[in-house]
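Working notes for the structure below.
The values are calculated or read from the model by the stated rules, or taken from the named source; none is laboratory data. If you're wondering where the values come from, they're calculated on a predicted model, not measured in any experiment. Every residue, glycine among them, receives a Cβ derived from its backbone with ideal geometry; neighbour counts consider all protein chains shown. For accessibility, only protein heavy atoms count, side chains too; no ligands or nucleic acids. Shrake-Rupley method; radii C 1.70, N 1.55, O 1.52, S 1.80 Å.
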Amino acid sequence: MAEFTDALFSIFFVETLINGLLLGGVLALLSLGLNLVFGVVDVVWICYAEIIMLGMYTIYFLHVDAGIPVIIAAGCGIAVTTILGLLVHRIVIHYLLDAAPINQLLATGGLLFFLQGSAMVAFGIEFRNLGVSLGSLIVSEDIYLSWTRILCFVLAAGSVGVLYVFLSRSYLGAAIRAISQDREIMPLMGVDTKKLYLLTSAIGGALAGLAAALLALQYDVHPFIGLSFGPITFMICVMGGLGNMVGGFLAAFIFSELITIGGYFADLEWGYVLAFVVFIATMFVRPEGLFARKS
Amino acid sequence: MLTLSQVNAGYGDFQALFDVSLDVRSGEAVAVIGPNGAGKSTLMRVISGMIPAFGGSITMQDVSVLDTPAHQIVGMGIAHVPENRRLFARMTVEDNLRMGCFSPQFRDRYTERLEFVYQLFPRMRERRDQMAGTMSGGEQQMCAIGRALMSDPKILIMDEPSAGLAPVIVQQVFELIERIRGEGLTVLIVEQNVKQVLKVVDRAYILEAGTIRMEGTATELLESADIQKAFMGM
Ligand SMILES: Nc1ncnc2c1ncn2[C@@H]1O[C@H](COP(=O)(O)OP(=O)(O)OP(=O)(O)O)[C@@H](O)[C@H]1O
Ligand SMILES: [Mg+2]
């Protein structure tokens, strides 16, 4: 017991909490685009993490093979995923808007395997590292915080802020909130639903690109990388109440703190186990998510 | 102003309107009445582009409505207050009103139109920050009509604005329609409250099983024995 309280009041525990907060930034950014698309189009992009994977490859090849500065490569990565977002909507989702949800899931799930398989054929299975590190912020002798994670946190918070202002203040933002409530009457408001869906898919794709840029700084890219953070992204969205962006944002931090605190007392794998157990328990108590809006 | 000729429409294989012709002149108020399932809402939907027509023609001030993309029809001056109000329940009253002003050509007049709607419905000003779905039925109807008026339409088409409201509120809705008419707006209205609607409109069409059965001035129809028997229980 004394050991436990010692651990609780240790400086390393503070570091753990801060690292959890920073990991939360990454997870929040991951869930943001998926949540936005779901909230508006009402279709879950199961292949969201695979779009991020392709964004990471774009950045990797442009920077490592073509020698383009990493910040420009990241911009190109975002452009590529924006276009991918548009294509996913126009080529697949567009035809499934009125289809049964299971068919929509199967279609975007199929797309996941298609993208994963294509990446494997095209790029091989080796792990590729961008070789760029932003280093660490040295807070004290014992505490190092990764600049990449800090950047992630700032960008995630910034993106949520920008998106929030856009959704609450602009005409387009109002239309995005409205279309998720009643698609049928949107033409009466003068809204071209096709265009609005494309716009949303483009924003969702761009957010995937931003996530790709930040993940490429921290992790090796390989064709299956989507599998390592795709599922957790869905769980965060579901826990926050699918389509509820603020809920998803908060859920990302709940998840990340659980993971890092679990990792502090045992090891990281146990952290994930803890997070998933809490997730499943939440689903029993509140199947519609912690912050679901009342319908 | 608004002219329908030989309009056929429906859903998939199902035809709900058969060769419907009707016209509404500028400044007029016209009612469409008929039993449940007659196709009244279908008629409203085809005018505002919510569903496509199978055939026929619809023109608004000599411009073809059927050839205009659905989201541009409101820009021609046709505003539709849909059946059951269809507010955005989880948005505030003011955001709902703002949606009525969405088309870029309306946006610079937003403040002016909002003031107009708030003058017409002071209650909406009081409730501006309330979620639309939490208001009473009568308030929701005001909000739905207000939303349609935000685009400063030439013709307002309303689908059963008094449905589901308490008798006192129904009375208020009809007073409101008279006030809207007073603003010089042209009105096309679907109603089940036949007796009351005939007191506020100039003319009416009787729609039955997707076809126009009868048309006449409000006074003619109010006195018609058939109408009294069929719709007023006399
Ligand atoms: N979305 C739809 N899909 C298929 N059929 C429909 C649809 N909406 C209406 N119908 C059918 O079209 C016919 C006309 O319906 P409509 O809603 O226009 O009637 P209405 O005159 O407005 O009736 P009410 O007075 O009950 O509102 C009905 O037979 C109805 O079942
Ligand atoms: Mg109807």
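Take B:GLU112 and tell me if it is modelled with pLDDT of 90 or more, away from chain A (no Cβ under 13 Å) and within 16 Å of ligand 2 (Cβ to nearest atom).
Answer is no for this residue.
Could you say which residue among B:GLN72, B:GLN61 is surrounded by fewer than 16 Cβ atoms within 10 Å (Cβ to Cβ) and closer than 30 Å to B:LYS199 by Cα?
B:GLN61 is the lone residue from the list that is surrounded by fewer than 16 Cβ atoms within 10 Å (Cβ to Cβ) and closer than 30 Å to B:LYS199 by Cα.
Might you let me know whether the range A:177-186 holds any residue that is within 14 Å of chain B (Cβ to nearest Cβ), of a type in the set (Lys, Arg) and in contact with a Gly (Cβ under 9 Å, 6 or more places away or on another chain)?
Among the residues of the range A:177-186, at least one is within 14 Å of chain B (Cβ to nearest Cβ), of a type in the set (Lys, Arg) and in contact with a Gly (Cβ under 9 Å, 6 or more places away or on another chain), which makes the answer yes.
Keeping to the range A:37-72, report how many residues are without any contact (Cβ under 8 Å) to a residue 24 or more places away in the chain and in a helix (DSSP H, G or I).
Number satisfying all stated conditions: 5.
Considering every residue within the range A:270-291, establish whether at least one is open to solvent by less than 10 Å² (accessible area, probe 1.4 Å), within 30 Å of B:LEU87 (Cα to Cα), outside any helix (DSSP H, G or I) and within 14 Å of another protein chain (Cβ to nearest Cβ).
No: zero hits.
Being of a type in the set (A, V, I, L, M), surrounded by fewer than 16 Cβ atoms within 10 Å (Cβ to Cβ) and touching a strand residue (DSSP E or B) at 6+ places or on another chain (Cβ under 9 Å) is the filter here, so list the residues in the range B:114-172 that pass it.
none
Return the only residue of B:VAL194, B:VAL201 being surrounded by fewer than 22 Cβ atoms within 10 Å (Cβ to Cβ) and in contact with a helix residue (DSSP H, G or I) (Cβ under 6 Å, 6 or more places away or on another chain).
B:VAL194
Let me confirm something: among A:GLY243, A:GLY230, which residue is open to solvent by less than 60 Å² (accessible area, probe 1.4 Å), touching a residue at least 60 places away in the same chain (Cβ under 8 Å) and within 29 Å of A:SER136 (Cα to Cα)?
Criteria check complete, one pass: A:GLY230.
With respect to the numbered conditions (1) more than 14 Å from every other protein chain (Cβ to nearest Cβ); (2) among the β-branched types (Val, Ile, Thr); (3) farther than 25 Å from B:MET50 by Cα, which one is the sole condition not fulfilled by B:VAL117?
With (1) more than 14 Å from every other protein chain (Cβ to nearest Cβ); (2) among the β-branched types (Val, Ile, Thr); (3) farther than 25 Å from B:MET50 by Cα applied to B:VAL117, the lone miss is (3).
Which of the strands (runs of 3 or more DSSP E) found entirely inside the range B:2-87 contain at least 3 residues meeting this: touching a residue at least 60 places away in the same chain (Cβ under 8 Å) and within 11 Å of ligand 1 (Cβ to nearest atom)?
Result: B:14-24.
Specify the residue that is surrounded by the most Cβ atoms within 10 Å (Cβ to Cβ); the eligible residues are those in the range B:29-54 that are over 13 Å from the mean Cα position of the chain (by Cα) and more than 14 Å from ligand 2 (Cβ to nearest atom).
Among them, the one singled out is B:GLY49.
Could you tell me whether the range B:36-43 includes any residue that is within 14 Å of chain A (Cβ to nearest Cβ) and either over 20 Å from B:ASP159 (Cα atoms) or of a type in the set (Ser, Thr, Tyr) (or both)?
Taking every residue of the range B:36-43 in turn, at least one turns out to be within 14 Å of chain A (Cβ to nearest Cβ) and either over 20 Å from B:ASP159 (Cα atoms) or of a type in the set (Ser, Thr, Tyr) (or both).
Please determine, by comparing only the residues of the range B:75-108 that are open to solvent by 60 Å² or more (accessible area, probe 1.4 Å) and among the charged types (D, E, K, R), which one is farthest from B:ALA144 (Cα to Cα).
For the range B:75-108, the residue satisfying everything is B:ASP108.
Being over 18 Å from A:VAL37 (Cα atoms), open to solvent by 40 Å² or more (accessible area, probe 1.4 Å) and aliphatic (A, V, I, L, M) narrows it down to one of A:VAL80, A:VAL132, A:VAL70, so name that one.
Selected residue: A:VAL70, the only one of A:VAL80, A:VAL132, A:VAL70 that is over 18 Å from A:VAL37 (Cα atoms), open to solvent by 40 Å² or more (accessible area, probe 1.4 Å) and aliphatic (A, V, I, L, M).
So in the range A:154-176, with the set limited to residues that are open to solvent by less than 40 Å² (accessible area, probe 1.4 Å) and within 14 Å of chain B (Cβ to nearest Cβ), which one is nearest to A:LEU27 (Cα to Cα)?
Per the criteria, the residue is A:LEU167.
Taking A:LYS195 as meeting all but one of (1) away from chain B (no Cβ under 11 Å); (2) open to solvent by 40 Å² or more (accessible area, probe 1.4 Å), write down the number of the exception.
Going through (1) away from chain B (no Cβ under 11 Å); (2) open to solvent by 40 Å² or more (accessible area, probe 1.4 Å) one by one, A:LYS195 breaks only (1).
Which number in (1) in contact with a helix residue (DSSP H, G or I) (Cβ under 7 Å, 6 or more places away or on another chain); (2) in a helix (DSSP H, G or I) marks the one condition that B:GLU94 misses?
(1)
Do we have any residue at all in the range B:16-30 that's among the hydroxyl-bearing types (Ser, Thr, Tyr) and within 14 Å of chain A (Cβ to nearest Cβ)?
No.
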